[in-house]
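J.: Handing you this structure, nothing more for now.
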Amino acid sequence: NTCIIILSVLQNNEQQNIGAIVDEVLSVEKITQEQISEPPSLGTIKLEHIGGVTKKNDDFIMILDIDNIFKELNFEQ
């Protein structure tokens with residue numbers, strides 16, 4: 001079920017589109033900003049790459065901060 005997802009990443013104040021290979025995509029959800037909460041404190045676990053959390057049915061969904069994850073990469077050609 002490996003596939004490529006397209007991400008729009010903020011790099012040097014510009015949006016860059018990149019492809020990321022992932023093992024599987026279970027679903028694609030449309031989530032509004034109002035549905036996103038701050039990530040909970042998890043003790044010593046760093047949450048710098050978690051942009052927030054939301055809930056769907058009885059499941060919690062962690063939302064990755066893609067810009068933060070890729071901020072140290074250089075996409076210039």
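The values are calculated or read from the model by the stated rules, or taken from the named source; none is laboratory data. Every value quoted in this text rests on a predicted model; they were computed, and no experiment measured them. Note that each Cβ is placed from the backbone with ideal geometry, even for glycine, and that neighbours are counted across all protein chains shown. SASA here: full protein model, heavy atoms, side chains in, ligands and nucleic acids out. Shrake-Rupley method; radii C 1.70, N 1.55, O 1.52, S 1.80 Å.
J.: Rounded to a whole number, what % of the accessible area of the chain do carbon and sulfur atoms account for, probe 1.4 Å?
T.: Ligands and nucleic acids excluded, carbon and sulfur give 49 percent.
J.: So what are the radius of gyration and Dmax for the Cα set of the chain, in Å?
T.: For the chain, the Cα-based Rg and Dmax read 14.2, 44 Å.
J.: What accessible area per residue comes out for region 24-75, rounded to a whole number of Å², with a 1.4 Å probe? Don't skip to the end; give the middle numbers.
T.: Numbers: 4480 Å² over 52 residues.
Per-residue value: 86 Å².
J.: May I ask you to compute the full-extension gain from Ser37 to Lys71, defined as 0.36 nm times their residue separation minus their alpha-carbon distance, rounded to one decimal in nm?
T.: Full extension from Ser37 to Lys71 adds 10.0 nm.
J.: For Met62 and Ile5, FRET efficiency with R0 = 22 Å and r from the beta-carbon atoms, rounded to 0.05? Let's see the in-between values first.
T.: Numbers: r = 16 Å, r/R0 = 0.72.
So the FRET efficiency works out to roughly 0.85.
J.: I'd like to compare 62-71, 21-30: which one has the highest average count of other Cβ atoms within 10 Å, and what's the full order after that?
T.: 62-71, 21-30
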